[in-house]
Amino acid sequence: MSPINKVIINKDTKTNPIWIMRQAGRYLPEFREIRKENPDFIKLCLNEELSSEITLQPLKRFDLDAAIIFSDILMLPYGLNQKVEFKKNFGPQLGNLNLNEINKLDEIDFIKKIYPTYKAINLVKNNKLTDNKNTIGFIGAPWTLLVYMINKHSPKLKLKDNFFKDNFLINRLLIILEKFLKIHIKNQIENGADVIQIFDSWAGLLDEKDLPNYVYIPTLNLVEYIKTFKIPVICFPRNIKNYKNFCDIVKPDVICIDYEVSPHQIRKEIKIPVQGGMDPKILLTSKENLKKETIKYLELFKDHPYIFNLGHGVLPETDPNMMDYLVKTVKDY
């Protein structure tokens, strides 16, 4: 059994597995080489040979316990024929939303459009580097995808003023998103993903009163669906104020926490396995500080099933040597 499965399924507290969000990507020189030759981000995600190679790059360097497929949560709106492009120093930019077009789309069209993602997962799963390691697939949560599709770019701090004005559009989109997210999940699992993580990057933008409609219920539907495949599901509702409520209602197998939340409070309130927490900026400081912060999390969760990760993705300016030091610190603990 893989170290991550020991923690999730057996609730093992003696094992300290580690994988890192965005472990494949911008901080690795070998990734930058590929990126230079492939400026179109979406096309790169849809090149199964390259995206599987990128996924495996960190496993060649570091003793990580999982591969997470190199892709993007916005492959879903792309698969729904909304224009998606990534602009340098700006981030994602989405085109106009045409409900009539989306309504006409069937499952086969959608799968065909993003099929290389599933082939890449298959290549990763069947590579020797992932023996006794997990292959993680992922999706964006319905709320976060809704934000991108209506807002058309990262909301950074707030949603556009008239975001909630078209109730019909929002409710219709939530139904469509649930349908196609299930298709996306099923295809990832059938091609070898043995854990699914749900990223709700913009959960923190909502008021408490809006969480049931936009976060709890839509995410719960997907969590229950993933569980029918008998594989674990990790939820990352970033910057949500009440992780305990989320866990009680949505019931993921693992809760991934961000670096704004108190890990002490999480340790006290959360019964299920926990993942993540450390601020990615710690990797930009000194080795002494990195070790101190890493040990802090490992000590705090030493009697609780815990998967080491960061409270968000690796920053592009991270030195790979610091990543190496982090992995070794966790493994030597």
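Can you find even one residue in segment 73-92 that is over 28 Å from ILE150 (Cα atoms) and β-branched (Val, Ile, Thr)? No, segment 73-92 contains no residue that is over 28 Å from ILE150 (Cα atoms) and β-branched (Val, Ile, Thr).
Here GLN23 meets the list (1) touching a residue at least 40 places away in the same chain (Cβ under 8 Å); (2) touching an Asp or Glu at 6+ places or on another chain (Cβ under 9 Å); (3) closer than 23 Å to ILE255 by Cβ almost entirely, failing just condition (2). The selection criterion, being at pLDDT below 95, out of contact with any helix residue (DSSP H, G or I) (no Cβ under 9 Å at 6 or more places or on another chain) and surrounded by fewer than 17 Cβ atoms within 10 Å (Cβ to Cβ), does not hold for LYS128. For segment 299-314, filtering for residues that are in a loop (DSSP other than H, G, I, E, B) and either exposed (fewer than 15 other Cβ atoms within 10 Å of the Cβ) or not aliphatic (A, V, I, L, M) (or both) leaves 9. Listed by position, the helices (runs of 4 or more DSSP H) enclosed by segment 1-119 that each have at least 2 residues that are under 19 Å from the mean Cα position of the chain (by Cα) and either surrounded by 15 or more Cβ atoms within 10 Å (Cβ to Cβ) or among the small types (Gly, Ala, Ser) (or both) are 3-9, 41-45, 48-61, 75-79.
In segment 222-234, the residues that are farther than 12 Å from ILE198 by Cα form Cβ pairs under 6 Å with partners that are assigned to a helix (DSSP H, G or I), at six or more places apart or across chains, as follows: TYR225/LYS182; PHE229/ILE189. Quick one: is ILE176 under 18 Å from the mean Cα position of the chain (by Cα) and closer than 26 Å to GLU224 by Cβ? Here the answer is no, as ILE176 does not meet what is asked.
Which condition number does LEU211 fail, the rest of (1) touching a strand residue (DSSP E or B) at 6+ places or on another chain (Cβ under 7 Å); (2) more than 26 Å from THR55 (Cβ to Cβ); (3) among the hydrophobic types (A, V, I, L, M, F, W, C) being met? It fails just one condition, (1).
The values are calculated or read from the model by the stated rules, or taken from the named source; none is laboratory data. Remember, predicted model here, so these are calculated numbers, not experimental data. Cβ atoms come from the backbone with ideal geometry, glycine included; neighbour counts cover every protein chain shown.
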